[in-house]
Amino acid sequence: MSTPPSLQALINALKVLPGVGPKSAQRMAFHLVQRDPAGAVQLAQAIIDAQGRLQHCRLCNTFAETDVCEICQDEQRNHSQLCVVEMPTDLWAIEATRAFEGRYFVLMGRLSPLDGVGVNDIALRPLISRALDGEIEEVILATNFTTEGEATAYYLSELLRARGLKVSRIARGLPVGGELEHADPATLAQAVIERRDKP
């Protein structure tokens, strides 16, 4: 028995989402069509609205509905610090801590030669332009601690230091409330390596 073309098109569209395989896409499609048609219409409209309204902030490259995002418009923020992250979700995670009051730049990716992502596939030129705007004194690299994130941080640190900028990297180690016996060896080793003086 063949699947109706419109249903198959919906399943195929859902499969483009990360972590959604053929079976999951099929379940989602059937749920939307059979159990939640109003939700399906709402989802479709939200996607259309997002595609039509969202753009990249001219200064930090995150998603915004205006030329310059709210964070970049905030004159109370520290103009001398620039935190570089891979994706807008990383920016939101750091903002949720309320521990950073500087500005951001979102690369919209990370270097990953095995996946065909090179220096021309991330927002490298806009980053350099932003970092050299005359206000930035320190660039904080907050890429993820994956192989690709580390490679991206290393490449950016070399590039930015060569232009006379102070570059730092966010620390990593044990989670707050974590117990040593439950930490994986790599995290524990990094916590020892990145130890600091006790105030």
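Every read-out reported here was derived from the displayed coordinates using simple, explicitly stated rules and does not represent laboratory data. All figures in this text were calculated on a predicted structure; none of them were measured in a lab. Every residue, glycine as well, gets a Cβ built from its backbone with ideal geometry; the counts of neighbours run over all protein chains shown.
Tabulated values for the structure
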quantity: ³J(HN,Hα), Karplus 6.51/-1.76/1.60, whole Hz, each residue of the stretch 94-99, x for Gly, Pro; calculated: 5, 4, 5, 6, 6, 9
quantity: Other-chain or far-sequence residues with amide H under 5 Å of V167's (modelled H); calculated: V139
quantity: Positive-end residue of T143, C83, A162, charge dipole of the stretch 78-169 with Cβ unit charges; calculated: A162
quantity: Binned Cα-Cα distance frequencies in the stretch 67-137 - 10 Å width, integer %; calculated: 18, 49, 27, 6, 0
quantity: Full-extension gain in nm, L132 to I170, via 0.36 nm per residue minus C-alpha separation; calculated: 11.6 nm
quantity: Efficiency of FRET from Cβ geometry, F145 and R196, R₀ 22 Å, rounded to 0.05; calculated: 0.80
quantity: DSSP-defined beta bridges in the chain - what % are antiparallel, rounded to 5; calculated: 20 percent
quantity: Modelled FRET efficiency - R0 35 Å, D67 with A183, Cβ distances, 0.05 increments; calculated: 0.20
quantity: Neighbour cut-off at most 11 other Cβ (10 Å), DSSP loop, GluC sites (Glu not before Pro), the stretch 107-189; calculated: E179
quantity: Nearest-20 debye value, the chain charge dipole, Cβ charges on Lys, Arg, Asp, Glu; calculated: 360 debye
